[in-house]
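Reading through the structure tokens given below for one structure.
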Amino acid sequence: MTTGFTGATLDRADHERDDPAAFARALADPAARLLLLTALEPPVRADGALAWVAMDAARSDAVLLGYMDGAPAFAAGDGDGTVPAMRSPTLMATLANMPASDAALYGIARSLIDWHGRHRFCAKCGHVTQAARAGWARKCGGCGTLHFPRTDPVVIMLAEHTGRVLLGRQPSWPAGRYSALAGFVEVGESIEEAVAREVMEEAGVAVQAVRYVASQPWPFPSQLMIACVAQAADDTLRIDTTELEDAFWASRDDVAAALAGEEGRFIAPPRQAIARTLLEAWFRG
Ligand SMILES: [Zn+2]
């Protein structure tokens, strides 16, 4: 199963990250290239692929993503590293037209640069931090603590009942859009427990027999989406309207129409979202 933001052809070269000489060699490599994000948005060529530029060896602030076909691939952001409040409304369409491996590389770059912008100070002592390990960590100048880019696990799930699946929508979504329910895994919780808790909290439905289906990164800013299917014993809904505007049980015909892009009960999530992959997997059985 192919999921969004995966499939980057990249050697992450973790073994080089603690070697300043290797980083200097990569910076000076004439084949090195740079992905320069503007307010975290990707540079794009006319054909929709990522627009890389030649590496500027003076940009020692760049993150070494890794090596592509043996050539170093760097990423950097513009400006002062502050994090934009919103992503561009056209970004998802841009990513839908991009080769999948490019969208995956962009996701890595975006999450890393965003993380650097949010972690300029040490969470332990408050001192200023500096990029370390070729951009894959930050080190505190006060207490020496190494901080690593975090990824936050999110469960996203279809509760199933008599051949139908539970979908919900949030008020901020485009009109007609419905998707699988989702929520962050909390401290001290298994994936299965998080699935059961979220479906109960948001829709008042008890589920069991949670099955893992697939996962994907979601670089807004840096989640790991864990897609599951679970069985509901009862189809009575008790919707938490602080989380969801609406929820309903979608039939196979509803899902078929939405995936085909036809007018119907709801509009399916975009191609890069694992909710769509999950709906497709469920529909195929
Ligand atoms: Zn510190």
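Looking across A233, A196, A203, A227, one residue alone is crowded, with 20+ Cβ neighbours inside 10 Å and farther than 25 Å from S172 by Cβ. It is A196. For segment 164-178, state whether one or more residues are within 18 Å of S222 (Cβ to Cβ) and either within 16 Å of the ligand (Cβ to nearest atom) or touching a residue at least 60 places away in the same chain (Cβ under 8 Å) (or both). Within segment 164-178 (the criterion being within 18 Å of S222 (Cβ to Cβ) and either within 16 Å of the ligand (Cβ to nearest atom) or touching a residue at least 60 places away in the same chain (Cβ under 8 Å) (or both)), the answer is no, since none of the residues qualifies.
Pairing residues of segment 1-17 that are closer than 11 Å to A103 by Cβ with residues that are in a loop (DSSP other than H, G, I, E, B), at Cβ distances under 8 Å and at least 6 apart in sequence or on separate chains, gives G4/R271; G4/Q272; G4/A273; F5/P219; F5/Q272. Listed conditions (1) of a type in the set (V, I, T); (2) under 21 Å from the mean Cα position of the chain (by Cα); (3) crowded, with 18+ Cβ neighbours inside 10 Å are all met by V187, apart from (3). Which of the residues belonging to segment 106-120 are part of a helix (DSSP H, G or I) and not β-branched (V, I, T)? Scanning segment 106-120 gives Y106, G107, A109, R110, S111, L112, D114, W115, H116, G117, R118. The number of residues in segment 138-152 being of a type in the set (S, T, Y) and more than 9 Å from the ligand (Cβ to nearest atom) comes to 1. The residue list L34, L27 contains one member that is outside any loop (DSSP other than H, G, I, E, B), modelled with pLDDT under 95 and over 20 Å from the mean Cα position of the chain (by Cα), which is L27. Of all the residues in segment 44-73, those that are part of a strand (DSSP E or B) and either surrounded by fewer than 13 Cβ atoms within 10 Å (Cβ to Cβ) or more than 24 Å from the chain's Cα centre (by Cα) (or both) number 3. L95 meets the conditions (1) of a type outside the set (G, A, S); (2) in a loop (DSSP other than H, G, I, E, B); (3) away from the ligand (no atom under 16 Å from the Cβ) in every case but one. The failed one is (2).
Considering only residues in segment 104-137 that are within 10 Å of the ligand (Cβ to nearest atom) and free of Cβ contacts under 8 Å to residues at least 24 places away in the same chain, the one that is surrounded by the most Cβ atoms within 10 Å (Cβ to Cβ) turns out to be T129.
From the list G70, G66, the one residue that fits, being out of contact with any His (no Cβ under 6 Å at 6 or more places or on another chain), of a type in the set (G, A, S) and over 27 Å from R138 (Cβ atoms), is G70.
Taking segment 1-24 as the range and being of a type in the set (A, V, I, L, M, F, W, C), surrounded by fewer than 16 Cβ atoms within 10 Å (Cβ to Cβ) and more than 26 Å from the chain's Cα centre (by Cα) as the test, the residues that pass are A21, A24.
Kindly establish whether T241 is more than 17 Å from A159 (Cβ to Cβ) and not acidic (D, E). Here the answer is yes, as T241 does meet what is asked.
Condition check ((1) in a strand (DSSP E or B); (2) not aliphatic (A, V, I, L, M)) across all residues:
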{"site": "R138", "(1), (2)": "yes, yes"}
{"site": "G144", "(1), (2)": "no, yes"}
{"site": "P149", "(1), (2)": "no, yes"}
{"site": "E160", "(1), (2)": "yes, yes"}
{"site": "L167", "(1), (2)": "yes, no"}
{"site": "G188", "(1), (2)": "no, yes"}
{"site": "V195", "(1), (2)": "no, no"}
{"site": "E198", "(1), (2)": "no, yes"}
{"site": "E202", "(1), (2)": "no, yes"}
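Here V155 does not qualify as more than 16 Å from the ligand (Cβ to nearest atom) and free of Cβ contacts under 8 Å to residues at least 60 places away in the same chain.
The values are calculated or read from the model by the stated rules, or taken from the named source; none is laboratory data. All figures in this text were calculated on a predicted structure; none of them were measured in a lab. Here the Cβ is made from the backbone with ideal geometry for all residues, glycine too, and neighbour counts use every protein chain on show.
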